[in-house]
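Notes follow once the structure below has been shown.
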Amino acid sequence: TLAIVWTGSEMIVWGGDGGSNGNQTPLNTGGRYNPGTDSWVATSMTNVPAARFAHTAVWTGTDMLVWGGTIDYANFFNTGGKYDPGTDSWTATSTANAADARAAHTAVWTGTEMIIWGGAGVNPGRLNTGGRYDPDTDSWIATNTTNAPEARSDHSTIWTGSEMIVWGGYTDHPDIVNTGGRYNPSTDNWINTGNSNVPDGREYHTAVWTGSEMIVWGGVNYPAGDFNTGGRYNPTDDTWTPTSVINAPSARDSHTAVWTGTEMIVWGGTGNYATLNSGGRYNPGTDSWAPTSTTNAPLPRYVHTAVWTGSEMIVWGGLGSIVELDTRGRYNASHASLPTGTQTPTPTPTPAHLDTGARYNPGTDSWIATSTTNAPTGRFGHTAVWTDNEMIIWGGEASSGLLNTGGRYNPNTDNWTATSITNAPSARSTHTAVWSSTEMIVWGGAVCYPCMDFNDGGRYNPGTNSWTLTSTTNAPEARSNHTAVWTGI
């Protein structure tokens, strides 16, 4: 959620979310890291842009341009700043004719302009608009929306030298897509990317440009889960070629990828509920993978950043198992890894998702296990209500992804009955549920990595085993990890 650029001699990081355990703490601080001296210099706080995360940054050759972002996924920015490391000074970017405020968008540098596109904002939600910013004139020009890809966030974007290619991401349906488009700023026109042999739809994947192809890899789709697959897109003939899965790194999302000139290096991320410090080097010439060393590798992390220096990949920041990290590491593909400090790899254990339970009698201080016959899939982050004769559990997360399934447990018969999925709300976790005396009402919750919240829900009637969706008219703002009670009315 922070922004990072490589200047040719230094890595500059700025902004991001400094909170932990789900608490959001936007930052407007940063630093310049010199791998030659293994030293940091703080970026100036004079005229610095407001604190934010989920923003973007590009390097112009002389300045770092940061733009957009959010403080809480409810309040968004259409502001930014130009940072000159030579003078350690900030200059605000113009807001005249700037693109709508947003976060989780993408940005590329064309050589003369920064192009931002997509993302999520307050109205109308996810966006298929963008803007071209010229730092020399401090001016904006809107990108054309005719034939533009469907509005989305958490997509990938690369610059080919003449076109910006966007692909994948999450739309407002909600839906995860495998579509994309090529934008030519010279003509202000869009062309769709090919749809033959295209990879499965995904978000939180990565993309690199090789000089002739865009390579996308990894990512996640619900309920399919994480991918260790990818594809190579050739814009010259508008074709896709799948990447090999032989010796590919384990499936993951929220990882990083860099292009070395001959190989794509992917590293870190999260997969199957484990935080990773492994990776792989992919050679498109031979369509083959080689693993990256884990000796002296940085601590496992995801939603971190990575840059290629010309000889090394530098990774920094990100989330570990429960807290943000300020550690980093330098990986040299030719002679193993060069740690920037002593760090012991600490793999995060993969949690089990349980479909077991027990009934506890305080009178006898005794436990009786609940049956697992016909029990719902093991999960966490779900809800449970008591109906006067049954327990109903619903939603949550499993190793396969988010769920919109559930079950009714009768302690008298020690039996489970599945809840219908017809007209059920979309899969989610960290929602709430109450029992109204005739129905279970579920509302809110989130789709995570990172979280996008819901303001919808459903009413489940166990007598008819049926769902009715709740209205969203005048509904509260979307949220998760909230509370709910039933008034009796």
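The table for this structure:
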{"read-out": "Accessible surface of the chain [probe 1.4 Å, protein heavy atoms]: carbon and sulfur percent", "value": "50 percent"}
{"read-out": "Contact order relative to length of the chain, as percent, for alpha carbon pairs under 8 angstrom and 6 or more apart", "value": "7 percent"}
{"read-out": "Sites Val245 and Val434 - FRET efficiency at Förster radius 45 Å, r taken between beta-carbons, to 0.05", "value": "0.50"}
{"read-out": "Whole-Hz couplings from phi, Karplus 6.51/-1.76/1.60, listed for region 303-314; x for Gly and Pro", "value": "6, 8, 10, 8, 10, 10, 8, x, 9, 9, 9, 10"}
{"read-out": "Projected label distance in nm at Asp188 and Asp287, using a 7 Å step from Cα toward the beta-carbon", "value": "4.2 nm"}
{"read-out": "For region 1-147, accessible area per residue (1.4 Å probe, heavy atoms of protein chains only), Å²", "value": "39 Å²"}
{"read-out": "³J(HN,Hα), Karplus 6.51/-1.76/1.60, whole Hz, each residue of region 219-234, x for Gly, Pro", "value": "x, 9, 9, 9, x, 5, x, 7, 10, 10, 10, x, x, 10, 9, 9"}
{"read-out": "Heavy atoms of Met45 accessible to a 1.4 Å probe, total area in Å² rounded to 10", "value": "100 Å²"}
{"read-out": "Nearest-10 value in Å² for the accessible area of Asp138, using the 1.4 Å probe", "value": "60 Å²"}
{"read-out": "DSSP-loop GluC sites (Glu not before Pro) across region 162-213, with at most 16 other Cβ within 10 angstrom", "value": "none"}
{"read-out": "Local electrostatic count at Pro235 - Lys and Arg +1, Asp and Glu -1, tallied over other residues with Cβ under 9 Å", "value": "-3"}
{"read-out": "Residues whose placed amide H lies under 5 Å from that of Thr106, excluding near-sequence neighbours", "value": "Trp117"}
{"read-out": "Evaluated at q = 0.15, 0.19, 0.22 Å⁻¹: base-10 log I(q)/I(0), Debye formula over Cα of region 411-489", "value": "-0.57, -0.87, -1.09"}
{"read-out": "Order of exposure, largest accessible area first, which applies to Arg281, Arg359 with probe 1.4 Å", "value": "Arg359, Arg281"}
{"read-out": "Accessible area expressed per residue, region 209-318, with surrounding protein chains retained (probe 1.4 Å, Å²)", "value": "33 Å²"}
{"read-out": "Residues of region 94-130 with amide N under 20 Å of the 7 Å Cα→Cβ point at Ala74", "value": "101-104, 120-126"}
{"read-out": "Candidate residues Trp443, Trp117: accessible-area rank, largest first, probe 1.4 Å", "value": "Trp443, Trp117"}
{"read-out": "Mean projected area (nm²) of the alpha-carbon convex hull when region 207-323 is viewed from all directions", "value": "7.6 nm²"}
{"read-out": "Efficiency of FRET from Cβ geometry, Glu150 and Val485, R₀ 45 Å, rounded to 0.05", "value": "0.70"}
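The values are calculated or read from the model by the stated rules, or taken from the named source; none is laboratory data. Every value quoted in this text rests on a predicted model; they were computed, and no experiment measured them. Here Cβ is always computed from backbone atoms with ideal geometry, including for glycine, and neighbour counts include all displayed protein chains. Just the protein is used for accessible areas: all its heavy atoms, side chains included, with ligands, DNA and RNA removed. Shrake-Rupley method; radii C 1.70, N 1.55, O 1.52, S 1.80 Å.
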